[in-house]
Amino acid sequence: MSYQKSKFHHPRLPVNDLGLTYRDYEGALSTLCAGCGHDAITSAIVQACFELSLPPHQVAKMSGIGCSSKAPNYFLNKAHGFNSVHGRMPSVTTGANLANRDLTYLAMSGDGDSASIGLGQFAHVVRRQLDMLYIVANNGVYGLTKGQLAATADKGVTNKTGELSLFTDIDLCVMALQLGATFVARSFSGDKKQLVPLIKAAISHQGFAFLDIVSPCVTFNNHASSTRSYDYVHEHITTAAVTDFIPVKKEITSDCQAGVCEDVCLHDGSLMRIHKLQADYSTNNAMKAINDIENHKQKGEILTGLFYLDPNGDSFHEINNSSDTPLNKLNQDVLCPGNRVLSSINDSFR
Amino acid sequence: MKNTDTSSYQHFLKVVDCQHACPAHTPVPEYIRLIAEKRYTDAYMINWQSNVFPGVLGRVCDRPCEPACRRSRVEDKPVAICRLKRVASDYKADIHSYLPTIPQQKNGKRVALIGAGPASMTVARDLVPLGYEVVIYERDALAGGMMRSQIPAFRLPETVLDEELSYILQMGVECHFGEEISSLANLLQAKFDAIFIGTGAPAGRWLEMPGHDLASAHIEVGINWLSNVSFKHTEAAPKRVVVLGGGNTAMDCCRTAKRLGASEVTVLVRSSFDDMKASPWEKEDAKAEGIIIKSDHTPIEYVMSGDKFVGVLFEKVSSSYDEKGKRTLVSTGETLLVECDLVLVAVGQDTAFPWIERDIGVKFNKWQQPELNQQTLQSTLEQVFFGGDAAFGPENIITAVANGHQAAISIDLFCHGKSAEQDRPEVGFNLISQKMGIHDWSYHSGISHEERNLVPHIPWEDAVKSLNTEVELGFDEKLALEEAHRCLNCDVHTVFNEKTCIECSACDDICPMDCINFVEVDEGLVNDASNILEKLRVKEVNPEQELLVSPALKTGHIMIKDEDVCLHCGLCAERCPTGAWDMKKLTIDNIGATIK
């Protein structure tokens, strides 16, 4: 077993604006099963952060419990990180974001962590519009406890041991759309061409960004009757639109042809360029997105891509009118102004 | 873009750059692994089979393997392959029991070898164990050829040479030392089944320029002078010596002159310092011993003052290059007189075949080189074969050895009434999985990040005092093991099976060198290489290195692996959930005539 990846890298590796190569965004060597989709997500996150030239120390990696929640250890080892309690990552992230709104919050969760034990936490963090990227690595099974069916497994499928999925699956994208998320997308760990631009856009998006990533469990859910196996997903994946992410600094070289292509400007000035593959595709209709997802599911297809984007939606801090200066940068006098202010607050209730 | 043919060894051999670059295709990573396991005798025998003179070559090989070493593409310097070969030779146990048994019953075929240099000795090594009676004719008193006469003992101790020659001579070779063949026509009468000519390139070139005849008492051809030193006919050098030329012979001349008492030794060469033909390490060692090397100087005259020899007059030149990189020397008009007592001319050497009659069937080309079949080394007279410098002009020891092996195969076929070309045996190869467990390999797959180790040497001030004391000390065991671990095991190949790949991308995610690519091929552009290369993780590929291209996978994508900087760390195969990648060791049975 190799516990080490060589520090040698390709001599002609490109560097980003910070002079870093993508290798500088890596973490520890993964201990997940060989072929785990989560490792591909890790690699896509590394690539996205490299391409965005994010300073690693200004990122906080948040996670709960599960295979997916181990993954943050495998990327951005120079970033901050918090591996929290099962299903409670949203609360911890809310607290962290309150204390320091200047960091980029990159959260990684799984179907168990978000759709079972943490479903309540998930619902409320969407409602809160917390400025974060919430990734769910969705494989439809509890891999860490040997492959029981998860709440996101399609009704009627069986797990590796033949256990039938009796209940309706929870679609986290549909939930996020219902609860007002301003960036909702689904992708596949095996499609980095789609995944990397989506992660970049989701990080650049101000507000709550949700990204559900079908990530096959190679050990417990890659069998013939699975709807989350590599082969099944490769065969049943469908995309309504191809999205490119164009960062602020990059010159836009080609025209966007009306009807086929649409540019959406994100809060920071970067662009999402959307090449429509289906004529009726739109980014600004959450209800239609829910319909599309369900329609494709009924046909046995997995719809991927950007479902909904509202670049101007309010985020948590705007809704709460919170301080522009992160709380951790305010000094004691401002944070705790003393008796005089307390009395005036108390007086206002009298 | 063509799929790589993985049914033959060609692609895989090219990946083992060192082995591919070695004319004798020595399995370099294999013997370095054995050194890392302290199995020095085994490492020596692997070498002995391919290159016959591991102890000699571990010191004085031209090392085509080292510039080829993949390590120099991922960090500064290649593995010290040549030095490790010497380690195998230094630390081996007695190898006599490993040597082939010589059949008592001979096969009735007699072969004459002319010259006892590396090429002929290799032919003897290959043919005697097969039952041939081999007769060697050598004009010098001892075997070894240029290894003895042209390489000074401070680089190659006589004991090392004698030992490795003795392994072959002890097999039972009829030797005629001090016997120069003066007529091939006569030898052809002597009822040999085949004759091998390995007479080297014994004619050193003179430099014809004004003053040559008058100054001739003060001018010597470098290789002749070195030979005289080697056979103790020359035992001193005058105070001031000028060496003309910039190759390894020039380096040997200047360093030898210094040891024979010359205090001012200057090497002058027409080219720039960087363009000198000498190996970089030879130049460094010469400079370290206090030799002055003056580049960009063309000799124009041997200068006499009356009857007295003064020295050599040079013109200073500069090298200019055209677009094709062709060099022309441009005069600067400046001249320089270097006063000296002896001039050693080391500007090249040629083959000499005055003893081969031109009417006996051996055809020569316009450069007076024999016309040979490049592969079989057979001349136009079917029972006469050539090898080493005699075949194609001056090369090096390892090329002579490689020629010897090829000629031995040809002679063996010829003596059995077969065609040396058509009936030549196929090169056998095998790819064997190195998997020992789920994440366990039979080789050390971890990558050492150590830098190249320098070989220890005796103090330079002591070095120049003794003609026969070897300058380099060789690696001690600690350095040897550290250096051996730098080898990237390039002979353990990443072999891909597209049928079992599920396209999970685990391999291309883990690869530390960004070698692996899964590429979507646009419709109708399968043959458009530039379109496909544009999609690689690192687009700038090394044109010298081939890509491993798979047939289409289930999704229609293709796998392209850029072999250029692969570390052979095995992570791709460890991460593959379906065993579509495997680490397989290539073995090549490339020296067909030798003992199996």
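The values are calculated or read from the model by the stated rules, or taken from the named source; none is laboratory data. It should be emphasised that the depicted structure is a prediction, and the values quoted were computed from it without experimental measurement. In this analysis, Cβ positions are derived from the backbone assuming ideal geometry, glycine residues included, and neighbour counts consider all displayed protein chains.
Under the condition of being among the basic types (K, R), in a loop (DSSP other than H, G, I, E, B) and either touching a helix residue (DSSP H, G or I) at 6+ places or on another chain (Cβ under 8 Å) or modelled with pLDDT of 95 or more (or both), the residues counted in segment B:198-244 number 1. Filtered by the rule that a residue be more than 27 Å from B:N542 (Cα to Cα) and surrounded by fewer than 18 Cβ atoms within 10 Å (Cβ to Cβ), segment A:19-38 gives A:A28, A:L29, A:T31. Where helices (runs of 4 or more DSSP H) fall entirely within segment A:111-193, those with at least 1 residues that are modelled with pLDDT of 95 or more and over 16 Å from the mean Cα position of the chain (by Cα) are at A:119-128, A:172-178. Of all residues in segment B:548-568, those that are not assigned by TED's automatic domain parsing to the domain that holds B:C69 have Cβ atoms under 6 Å from Cβ atoms of residues that are among the small types (G, A, S), 6 or more apart or on another chain, in B:I558/B:S550; B:I558/B:A552; B:M559/B:S550; B:L567/A:S6. Say we look at segment A:32-62 and pick out the residues that are within 14 Å of chain B (Cβ to nearest Cβ), in contact (Cβ under 8 Å) with a residue 40 or more places away in the chain and polar (S, T, N, Q); which of these is nearest to A:M89 (Cα to Cα)? Here the answer is A:S43.
With the requirement that a residue be of a type outside the set (D, E, K, R) and either free of Cβ contacts under 8 Å to residues at least 24 places away in the same chain or surrounded by 21 or more Cβ atoms within 10 Å (Cβ to Cβ) (or both), what does segment B:294-317 give you?
B:H297, B:P299, B:Y302, B:S305, B:G306, B:F309, B:G311, B:V312, B:F314 - these are the residues of segment B:294-317 that are of a type outside the set (D, E, K, R) and either free of Cβ contacts under 8 Å to residues at least 24 places away in the same chain or surrounded by 21 or more Cβ atoms within 10 Å (Cβ to Cβ) (or both).
Looking at segment B:492-514, which of the residues that are among the aliphatic types (A, V, I, L, M) and not in a loop (DSSP other than H, G, I, E, B) is farthest from the other protein chains (Cβ to nearest Cβ)? Among residues in segment B:492-514 that are among the aliphatic types (A, V, I, L, M) and not in a loop (DSSP other than H, G, I, E, B), the one farthest from the other protein chains (Cβ to nearest Cβ) is B:V495. Looking across segment A:1-22 at every residue that is more than 10 Å from chain B (Cβ to nearest Cβ) and of a type outside the set (V, I, T), the one that is farthest from A:Y74 (Cα to Cα) is identified as A:D17. Of all the residues in segment B:69-122, those that are assigned to a strand (DSSP E or B) and of a type in the set (G, A, S) number 1.
Here segment A:199-222 is the region considered, the condition is being part of a helix (DSSP H, G or I) and under 9 Å from the mean Cα position of the chain (by Cα), and the residue that is nearest to the other protein chains (Cβ to nearest Cβ) is A:I199.
Tell me, which strands (runs of 3 or more DSSP E) wholly within segment B:360-458 include 1 or more residues that are surrounded by 15 or more Cβ atoms within 10 Å (Cβ to Cβ), touching a helix residue (DSSP H, G or I) at 6+ places or on another chain (Cβ under 6 Å) and of a type outside the set (D, E, K, R)?
B:384-386
Every test in (1) in contact (Cβ under 8 Å) with a residue 60 or more places away in the chain; (2) surrounded by 16 or more Cβ atoms within 10 Å (Cβ to Cβ); (3) under 23 Å from the mean Cα position of the chain (by Cα) is passed by B:K92 save one, and that test is (1).
Across segment B:21-54, the number of residues qualifying as assigned to a loop (DSSP other than H, G, I, E, B) and touching a helix residue (DSSP H, G or I) at 6+ places or on another chain (Cβ under 8 Å) comes to 9.
Taking each residue of segment B:411-432 that is within 30 Å of B:N489 (Cβ to Cβ) and looking for partners that are among the small types (G, A, S) and not in a helix (DSSP H, G or I) with beta-carbon atoms closer than 7 Å, six or more apart or interchain, yields B:P425/B:G592. Annotation note: of B:D76, B:D90, B:D94, the sole residue that is among the charged types (D, E, K, R) and modelled with pLDDT under 95 is B:D76.
Of all residues in segment A:83-94, at least one satisfies being polar (S, T, N, Q), surrounded by fewer than 18 Cβ atoms within 10 Å (Cβ to Cβ) and without any contact (Cβ under 8 Å) to a residue 24 or more places away in the chain. So which residues in segment A:265-291 are surrounded by 20 or more Cβ atoms within 10 Å (Cβ to Cβ) and more than 20 Å from the chain's Cα centre (by Cα), if there are any at all? Hit for segment A:265-291 is A:Y281, nothing else. Could you look through segment B:519-546, keep only residues that are surrounded by fewer than 21 Cβ atoms within 10 Å (Cβ to Cβ), among the hydrophobic types (A, V, I, L, M, F, W, C) and not in a loop (DSSP other than H, G, I, E, B), and pick out the one that is nearest to the other protein chains (Cβ to nearest Cβ)? Checking each candidate, the answer is B:V519. Checked against the criterion of being touching a residue at least 60 places away in the same chain (Cβ under 8 Å), more than 18 Å from B:H568 (Cβ to Cβ) and either buried (at least 20 other Cβ atoms within 10 Å of the Cβ) or within 14 Å of chain A (Cβ to nearest Cβ) (or both), the candidates B:V52, B:V15, B:V74 yield just one match: B:V52. Looking across segment B:23-54, the residues that are farther than 15 Å from B:R83 by Cα and of a type in the set (A, V, I, L, M, F, W, C) come down to B:A24, B:M45, B:I46, B:W48, B:V52.
So in segment B:274-292, with the set limited to residues that are part of a loop (DSSP other than H, G, I, E, B) and touching a strand residue (DSSP E or B) at 6+ places or on another chain (Cβ under 7 Å), which one is farthest from B:S331 (Cα to Cα)? Within segment B:274-292, the match that is farthest from B:S331 (Cα to Cα) is B:I291. Checking each residue in segment A:223-242 for being of a type in the set (S, T, N, Q) and within 13 Å of chain B (Cβ to nearest Cβ) picks out A:S226, A:S229. The residues listed here are A:G305, A:G313; of these, the one that is out of contact with any Pro (no Cβ under 6 Å at 6 or more places or on another chain), at positive phi and surrounded by 12 or more Cβ atoms within 10 Å (Cβ to Cβ) is A:G305.
Scanning segment B:428-467 for residues that are under 14 Å from B:C487 (Cβ atoms) and more than 14 Å from chain A (Cβ to nearest Cβ) returns B:R452, B:N453.
Are any residues in segment B:549-585 of a type in the set (D, E, K, R), facing another protein chain (nearest Cβ under 10 Å) and within 13 Å of B:H493 (Cα to Cα), and if so, which ones? Matches in segment B:549-585: B:D562, B:D564.
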